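Below is one structure, written out as structure tokens; comments come after it.
Laboratory data are not the source of any read-out in this text; all were calculated from the coordinates shown. Just so you know, these numbers come straight off a predicted model, no measurement behind them. Backbone-built Cβ (ideal geometry, glycine too); neighbour counts: all protein chains shown.
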């Protein structure tokens, strides 16, 4: 595919096989990204939840 090809022409074409090493590398990268997102969520603040909790506590008082 060069720069002038229409990428939509390839939509109905059969998929090509990908080398097993590439599949493994991509799956490991996806797993690593998910792990980083999970770790980041442990150490980050969910602002929406904090605001909702604060509003609910103020309504109770």
Item to complete: Return the total of residues in region 42-54 being surrounded by 10 or more Cβ atoms within 10 Å (Cβ to Cβ) and either part of a helix (DSSP H, G or I) or in contact with a helix residue (DSSP H, G or I) (Cβ under 7 Å, 6 or more places away or on another chain) (or both).
Response: 5
Discussion item. Take residue 33 and tell me if it is under 24 Å from the mean Cα position of the chain (by Cα) and surrounded by 10 or more Cβ atoms within 10 Å (Cβ to Cβ).
Written reply: yes
